[in-house]
Amino acid sequence: MSQSTSSRASRLSRRDFLKATTAAGATLAFPALAQQGYPARPIRLICPWPAGGSTDVVMRTFGESLGKILGGTVITENKPGAGGILGAQELVNAKPDGYTLSQIPLGVFRLPHMQKVNFDPLKDFSYISCLTGYTFGMVVRSDSPIMSIKDMVEYAKANPGKFSYGSTGTGTTPHLAVEQFARRANIKLLHIPYKGNAEGMQAVLGGHVMAHSDATGWASQVDAGRCRLLATYGSKRTKRWPNVPTLQELGYATVSDSPFGVAGPKGMEPALVKRLNDAFRKTLEDPAVIATLEKFDQPVIYLDSEGYTKFARETFEQEKETIETLGLTKTS
């Protein structure tokens, strides 16, 4: 090869290399460029429960921490009702740009087996991070003659269908855990659904229901002596109420920790999902977040996007089995 030919080949090679690397760089940088101004406007973080309840307080604390980490504003928006699935429904029609996120309670994986919904939990969401879970329990008013789960079971057997209890909605974990317990105790209870913790606690304190099943929104009432905690539903006793038994240890084979996290609409850029996941992971190091979780006796249950997506698939199948066992599968 002549020197001129060799020189020309070298120049072409460098030119082709520069073209190739420039194109590759542009391709790799595109998602990053799309995120450079993110967040350029407030992020909506949907809490599918009423204001004032334990989940509302927790999600607002997460939102404030997330905003600081991202250098933007996060507005927590309440969408209560329908067993906690209204946030998921909002995601179906939202743009996958990171400006609409929602808490994903366990009901999102359960209710599609019980009723018609407008989303598919395996296809319609970008799962970002699992963050925490609940401590569930059954409370009665402090002046109630029901002193224990044993008393409750005896009353229910003597008065079938007359022991009334509230929950955060039909198909929610506080509802189905009690129904599972009732089946194992061979009793029939009267379920009264409410939109969230605040309504349910007003009902039990006002004497409209005999008990209330929920996450630790009842904690302040228990600690103040206005309510009595009969049992919790976790796999082990809580540190905060170590003298209160679990339904499991009482022999009713009922356990629920109900992990939850945050998701966005389907089709979000992987780089954006990662950025949000990294930010949410950092919120779990925020003293304000840690203090709020401790206030409601909620453990840290962290999963990244990949782990949370796997959890969603597995939980969807597990909930199908639970609903079939309880005879609550939708008929059409």
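The values are calculated or read from the model by the stated rules, or taken from the named source; none is laboratory data. Keep in mind it's a predicted model, so treat the numbers as computed, not measured. No Cβ is skipped: glycine too gets one built from the backbone with ideal geometry, and neighbour counts run over all protein chains shown.
Of note:
- Only one entry in D257, D286, D304, D278 is of a type in the set (D, E), modelled with pLDDT of 95 or more and touching a strand residue (DSSP E or B) at 6+ places or on another chain (Cβ under 8 Å), namely D304.
- Out of G307, G234, G267, sole residue that is closer than 29 Å to D120 by Cβ, of a type outside the set (D, E, K, R) and over 15 Å from the mean Cα position of the chain (by Cα): G267
- Residues that are of a type in the set (A, V, I, L, M) and over 16 Å from K162 (Cα atoms) were ranked within region 178-202; the one that is farthest from the chain's Cα centre (by Cα) is M201.
- The single condition among (1) touching a residue at least 12 places away in the same chain (Cβ under 8 Å); (2) within 24 Å of the chain's Cα centre (by Cα) that S220 does not meet is (1).
- Of the residues examined, Q180 is not one that is buried (at least 19 other Cβ atoms within 10 Å of the Cβ), at negative phi, outside the structural domain of S54 (by TED's automatic domain parsing) and in contact with a Cys (Cβ under 7 Å, 6 or more places away or on another chain).
- Verdict on K68 being more than 19 Å from E269 (Cα to Cα), of a type outside the set (S, T, Y), at pLDDT below 95 and over 14 Å from the mean Cα position of the chain (by Cα): no
- Subset of region 205-232 [part of a loop (DSSP other than H, G, I, E, B) and modelled with pLDDT of 95 or more]: G206, G207, H208, V209, M210, A224, G225, R226
- Matching residues, region 297-308, being part of a helix (DSSP H, G or I) and surrounded by fewer than 19 Cβ atoms within 10 Å (Cβ to Cβ): E306, G307
- Residues (surrounded by 17 or more Cβ atoms within 10 Å (Cβ to Cβ) and under 23 Å from F109 (Cβ atoms)) located in region 267-282: M268, V273, L276, N277, F280
- Residues of region 147-171 classified as among the hydroxyl-bearing types (S, T, Y), out of contact with any Leu (no Cβ under 8 Å at 6 or more places or on another chain) and crowded, with 24+ Cβ neighbours inside 10 Å, total: 2
- Verdict on P174 being in contact (Cβ under 8 Å) with a residue 24 or more places away in the chain and either more than 20 Å from the chain's Cα centre (by Cα) or not in a loop (DSSP other than H, G, I, E, B) (or both): yes
- Residue that is part of a helix (DSSP H, G or I), of a type outside the set (K, R) and under 23 Å from T172 (Cβ atoms), where the choices are E294, E319: E319
- For region 292-332, the set of residues classified as among the acidic types (D, E) and on the phi > 0 side of the Ramachandran plot consists of D297 only.
- Residue count for region 199-233, restricted to those that are surrounded by 21 or more Cβ atoms within 10 Å (Cβ to Cβ) and either farther than 22 Å from L176 by Cβ or touching a Ser or Thr at 6+ places or on another chain (Cβ under 7 Å) (or both): 13.
- The residue pairs whose first member lies in region 284-300 and is in the same structural domain as K68 (by TED's automatic domain parsing), whose second member is surrounded by fewer than 16 Cβ atoms within 10 Å (Cβ to Cβ) and hydrophobic (A, V, I, L, M, F, W, C), and whose beta carbons are closer than 7 Å, counting only pairs six or more residues apart or on different chains, are L284/V300; L293/V300.
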